[in-house]
Structure formats: C-alpha cells, structure tokens
1. Does ARG232 satisfy the condition of being in contact (Cβ under 8 Å) with a residue 12 or more places away in the chain and more than 25 Å from ASN109 (Cα to Cα)?
2. Residues GLN216, GLN207: which one is in contact with an Asp or Glu (Cβ under 9 Å, 6 or more places away or on another chain) and more than 20 Å from GLU122 (Cα to Cα)?
3. Kindly check whether there is at least one residue in the range 21-34 that is surrounded by fewer than 20 Cβ atoms within 10 Å (Cβ to Cβ), assigned to a loop (DSSP other than H, G, I, E, B) and modelled with pLDDT of 90 or more.
4. For GLY152, are the conditions met, namely being open to solvent by 10 Å² or more (accessible area, probe 1.4 Å), small (Gly, Ala, Ser) and either modelled with pLDDT of 95 or more or assigned to a loop (DSSP other than H, G, I, E, B) (or both)?
5. Here are some residues: ARG126, ARG119, ARG147, ARG132. Which one is closer than 29 Å to ASP49 by Cβ, among the charged types (D, E, K, R) and assigned to a loop (DSSP other than H, G, I, E, B)?
6. All but one of (1) closer than 30 Å to PRO18 by Cβ; (2) open to solvent by less than 60 Å² (accessible area, probe 1.4 Å); (3) hydrophobic (A, V, I, L, M, F, W, C) hold for LEU135; which doesn't?
7. In the range 35-87, how many are open to solvent by 60 Å² or more (accessible area, probe 1.4 Å) and small (Gly, Ala, Ser)?
8. Got a sec? Which of ILE175, ILE169, ILE142 is assigned to a helix (DSSP H, G or I) and either touching a His at 6+ places or on another chain (Cβ under 9 Å) or open to solvent by less than 40 Å² (accessible area, probe 1.4 Å) (or both)?
Amino acid sequence: MVSRCPCWEALDVLEAAPDAPVAFGADLRPAGLLAAYRAGVYPFPASDDYARAINEVVFADQVQEGRIRLVGEESADPYAVSWWSPDPRPVLPVSAPHLSRSFARRLRNRLSWSTSLDRRFEAVVRECRAGRVPLWLTDELIASLVRLHELGHAHSVEVWEDGEDGDLIGGVFGIQVGSVFSMDSMFFHRPGASKVAVADLAARFAQAGGELLDAQRDNPHIRGLGCVLIPREQYVRHLRRTPHDTLPIPTATLPARRLAQPTGSR
C-alpha cells in the first residue's frame, strides 16, 4: 500500500533502505529543499523523460508496497525527483581534509591561487553542471539553490588563478545545516583546484564553529581528502542535535597557499 508523509519532518529516514531512494514525490521549492537537507536527505532530479521512466520502472513496486515513501502533496509526476540518504554516509570532519605533499609544495611555491566564499555562487553551480551526465542540476533545482543562497543557507567556495581578479578554476557548493555542511558538487579547471576548494571550505567552516562536511556520495576523489564512512544513523542524529541557526562563515578572499602550511601554522 502506498505510504505518504505530509512533510520531511514526518519521515524517519532511518527506516529506509540503505542503497535506494528514501522517497519520491516532494517538490524542489526552497523551503522543502532545505527541510530535506535538515532531515539528512538530498535530491536527484530526473534529467529527462527517460530517466523519470527508469525511476518508475525500477522503484514503482517498492512505492506501491510502502517501502519507499511519497513525501508532500500529491504530485502529477511523483517519479520526477528521487530523494536519497545513503547508509553509510561519507563525511569529512573539518580537521580532516589534507592535500598531498607534492601538491602542497606546488601550492606553496608555484601557484598564485586565491579563494573566496559566496563571491560567485551561481557561477560555481553552473560550472558544476557543465558537461555532467546525468544532468541532475536542473534549472528548477538551480533556481531553488540560488534562492537558498540569497537566504543565507547555501554557500560556495571559489578558487581563483592569479589572484582574485583571475580566472575561476575550481569550486564547491552546498547547503549548511547548523554545524553540518552538505556538499552538493564541485568542479575544477586546474588539477587540484576542487581539493583546494574543499580544504578551504573546511578551514572557513571550522573557524565559524562548524564540525562536519557531508560528501553525500562516496567516491575516490573525496576519499583522497580524508573522507570516512559513518552509519547513516550517526549522521542523522548529528543533524537532529545541531541547532539550525546559520553560522557566519568568513568570506574574505585569501591566499590558497595558506592551506598548504603545516597544521597549526595557518
């Protein structure tokens, strides 16, 4: 029997399967999107009719049996957006990100890069979308992310070549929930630039009192920065404990070489 939750607060993601969508049906409006992240859930919109049809073919039986819930009001197309909360969850404590010794040496001695926060949020999001398959960063999702950025809930780190007036060569963006920052995506146009973006985000977020970067999906790239896997229950309970107040993350444009200094000397 189909099971529907009126809102994200009514969904217990800890009961969901570890390797399938936890829900379908919710829309991508800013308030609902923020509520999903606060519940430990992130969206994966279907990029086209084919992807939407795959969602229905693969998961319709689980929806009909109530094993995957529908969230929110009845939708004309509940399979347009799948919502995920993997178990285990890949996370980075803010003290964890590190750069390889060889790259840190290049960053200190040869690369005149700088970093900033929230200087070009939408540009970072669109760079993360460029050339990606599947195209999950849809126009609707981008519009909601930009609105959440305007409201102070979504942030980006930018990496610049040749100082703050140079080219945008890397970045990362995501949504902040209290002491947790959920990283949606990152990009680079120079080797190492996305790692610099994550390391910079960790340093700024730690300074603001943040504790954890959520990588959402496990992959070798994020593992190389020091990502660890924790049980979904541990991650969700951390979210439930953290106040939802927005921590003021420092925004100054800073030299990226500071991230290559030994811990304690930055």
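1. Considered against the rule, which asks whether it is in contact (Cβ under 8 Å) with a residue 12 or more places away in the chain and more than 25 Å from ASN109 (Cα to Cα), ARG232 comes out as yes.
2. GLN216
3. Yes, that holds for at least one residue.
4. Yes: the conditions hold for GLY152.
5. Sole residue among the options that is closer than 29 Å to ASP49 by Cβ, among the charged types (D, E, K, R) and assigned to a loop (DSSP other than H, G, I, E, B): ARG132.
6. With (1) closer than 30 Å to PRO18 by Cβ; (2) open to solvent by less than 60 Å² (accessible area, probe 1.4 Å); (3) hydrophobic (A, V, I, L, M, F, W, C) applied to LEU135, the lone miss is (2).
7. Qualifying residue count, the range 35-87: 1.
8. None of the other options fit; the residue is ILE142.
The values are calculated or read from the model by the stated rules, or taken from the named source; none is laboratory data. Since this is a predicted model, take the numbers as computed values, not measurements. Every residue, glycine among them, receives a Cβ derived from its backbone with ideal geometry; neighbour counts consider all protein chains shown. Calculation scope for accessible area: heavy atoms of the full protein, side chains included, ligands and nucleic acids excluded. Shrake-Rupley method; radii C 1.70, N 1.55, O 1.52, S 1.80 Å.
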